[in-house]
Each structure stands twice: as C-alpha cells, then as structure tokens.
Amino acid sequence: MILIGIGANLESPVYGEPRATCGAALAALAARAAGAEGGQGGGLTITQRSQWYKSAPVPASDQPWFVNAVVRVRTALDPDRLIAVLLQTEESFGRRRVEENAPRILDLDLLAYGETVIGGEGPDDGGAAETTVPHPRLHERAFVLLPLRDVAPDWRHPVSGQGVHALIEALPPGQQTEVMADAGGAYGSEWRQPRNAPRNVNDAREVSRGRVDRNGK
C-alpha cells in the first residue's frame, strides 16, 4: 500500500486556489500511467482519494489554512524514485523550498510505502532531505491521519504497529480540521482540465514559467 499526502495553502498564479492546484497536480501525476513522462518508465496510477480537509497550520501560525488529502497509488517506482517524482512535481507547480514550515503552493509527501522502513526522524527544514519512509511525523498530524483513514482504514504504522484509528485517538489536542465538500473538477477540486492542458509534470513546468497558457498554447 503506497500512500501520498497532498496539500497547499497558497494560491497559484496558474491554477488558482490551493485545492485547484492540488487537483491539477494529481492529474499531472496520474498522467504518468499513460507513459506521459517521455519514456522514463515507472508509471503511477491513483487508485483512491480521500475527502478533502481544511486544516489549521501545524505548528500554529498566522498562515492561511491548508487543504489536504491523501491518495493511494500503484507504481513500480521505488521509494527514492517516487520521492524524486513528487519533488519534481512540486517544483513544476511553483514550489520553492526556502524555510521550515513556510506557506506553500503545493506539498507532496510519500507517507508510506507498504511495510518499507527507510531512515529515521530528521529535521523538516524544507531542503532536499534523504529518503525517510514512513513519513517521520505522520502519526502526529490530524491533517494526515484523517484523510489516510478514508483510503486505508486498516492501515498500521510499520514501525509502531499501531492502527490508524489508535493513532488518531492519540493525537495531541487542538489540531483543527474541517471536511470539505467535493467541487466539480478534477479529483474533487475546483480545477477543470481543459483540452490540451498540461499532461505531465514537464508540461506543468512550462505553464508555471509562463511559456504556455492554461490551454496548452
């Protein structure tokens, strides 16, 4: 079971409000299933999506609230290559890693990769980190565990052995989340994929740099 977290709390100049950006990013990732990555191999298929959640920033700050979801995927990519794809997708959508816990246009995290355990806890400083699986702080965050429960109610943490329901019950108090009703666009977001829209992360990068418009021209 491979689980990816997605979130955002800044508007994108290309895709609009945060959830629309997330929907466009999921569509770009899903395009890998059709070999849209220029023959690099290692397709990715999104098999299930959670509800969308609004969540207050963690740690608490005056940033805008985030939108968050979790998707379950199928891929032949190993954890290192999958994380590389997620980082590439973030960059192509305009994410710039400058400081810890900064607001962001797009956030993609590999939460879990089956029973695989790699690395240990380290600082979330916004830089290029070594691969750590499962995500070292997923068990502390309501905005991860609640949508994770939607797509994988029987999931157990591969290190602690605790189930997702027990992890939710053990969450520290005060984390504010709200379920969002789906919108009518891609993956329940506000983004509606136009004809000739960016088909993959390379096309999305060209859009974010202003080289083509949202209709792919």
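The values are calculated or read from the model by the stated rules, or taken from the named source; none is laboratory data. Just so you know, these numbers come straight off a predicted model, no measurement behind them. Counting neighbours? That spans all protein chains shown, and the Cβs are built from the backbone with ideal geometry, glycine included.
Looking for whichever is at pLDDT below 90, assigned to a helix (DSSP H, G or I) and not aromatic (Phe, Trp, Tyr) here; the options are ASP213, ASP203. Which one fits?
It is ASP203.
So which residues in the stretch 90-106 are surrounded by fewer than 20 Cβ atoms within 10 Å (Cβ to Cβ) and at pLDDT 90 or above?
GLU91
List pairs: first in the stretch 68-84 and closer than 22 Å to TYR187 by Cα and outside any strand (DSSP E or B), second of a type outside the set (S, T, N, Q) and modelled with pLDDT of 95 or more, Cβ under 8 Å, 6+ apart or cross-chain?
What qualifies is LEU82/ILE2; LEU82/LEU110; LEU82/TYR113; ILE83/LEU110.
Can you tell me which residue within the stretch 45-59, out of those that are touching a residue at least 60 places away in the same chain (Cβ under 8 Å) and not in a strand (DSSP E or B), is nearest to the chain's Cα centre (by Cα)?
Only one residue fits best here, namely SER50.
Which of the residues spanning the stretch 75-91 are over 11 Å from the mean Cα position of the chain (by Cα) and of a type in the set (Asp, Glu)?
Residues satisfying the conditions are ASP78, ASP80, GLU91.
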